[in-house]
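Here is the structure we will look at, set down as structure tokens.
The values are calculated or read from the model by the stated rules, or taken from the named source; none is laboratory data. Computed from a prediction, not measured in an experiment: that's the story for all the values here. All Cβ positions, glycine included, derive from the backbone under ideal geometry; neighbour counts span all protein chains shown.
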Amino acid sequence: MSAPVSAVAHSHHTAPGARSERRRPEETVLYQVVESYWPRFLEKAEEAGGLPKFVRKEIEEYLDCGQLEKGFLRLACLSCGHERLVAFSCKRRGFCPSCLGRRMTDTAVHLAEKVFPGEMVRQWVCSLPWRLRYLLGYDRALCSEVLAAFTLEVQRSLKHRAKKVFAFASMSDAHTGGITFIQRFDSALRLNVHFHSLF
């Protein structure tokens, strides 16, 4: 178990007299279902060959996320003396709704304000045959090669269209940019590697 850490902080964003409540993931239906069925699911999965390590880590760290017994900060306001315990979060990318939501929001703001300000952007999704999705889940090099092929083809298509629309002398006169997020799960928690790209 991680030892608690004490800290002192000012509260600049809370209205006078307001008290924010600790996040309690253990009270959500999702957490209760996963906590109840995960041991049995894991046992069955082991009988069938086991789960990838990253899947096990994702779920197990989600179950620890926001739990005070796994470690926390004790924060105190110097003005009013109010104290609050803040449990450590898992900061994972794939499954935890709280951490994933926070990361998605931060990333979206960064992309909108710093990466693509004022540019025309379209989302592309690359979904693959199931056998290939499974292979990509275990083979990082192959995943990179497939993503590179997908990226090059989308860029080629965009440059070809730009050449026609803007009457460029050459496709090399068109410049593209993009960013891709690799997702490993689907809504049924199956290993489902696919790409979400902004170009």
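Brief remarks follow.
- The residues on offer are E35, E26, and the sole one that is in contact with a helix residue (DSSP H, G or I) (Cβ under 8 Å, 6 or more places away or on another chain), closer than 30 Å to V193 by Cα and either at pLDDT below 85 or not assigned by TED's automatic domain parsing to the domain that holds H82 (or both) is E26.
- Qualifying residue in the range 100-114 (condition: of a type in the set (D, E), part of a helix (DSSP H, G or I) and farther than 24 Å from Q67 by Cα): yes
- From L42, L128, L136, L51, residue being part of a helix (DSSP H, G or I), within 22 Å of the chain's Cα centre (by Cα), of a type in the set (A, V, I, L, M, F, W, C) and surrounded by 13 or more Cβ atoms within 10 Å (Cβ to Cβ): L136
- The range 83-93 - residue that is more than 20 Å from Q32 (Cα to Cα) and either among the small types (G, A, S) or surrounded by fewer than 14 Cβ atoms within 10 Å (Cβ to Cβ) (or both) and, of those, farthest from the chain's Cα centre (by Cα): E83
- Any hit, the range 113-130, residues being among the charged types (D, E, K, R) and either closer than 26 Å to L42 by Cα or modelled with pLDDT of 90 or more (or both): no
- Answer from V146, V165, V154 - the residue that is among the aliphatic types (A, V, I, L, M) and either assigned to a loop (DSSP other than H, G, I, E, B) or surrounded by fewer than 14 Cβ atoms within 10 Å (Cβ to Cβ) (or both): V165
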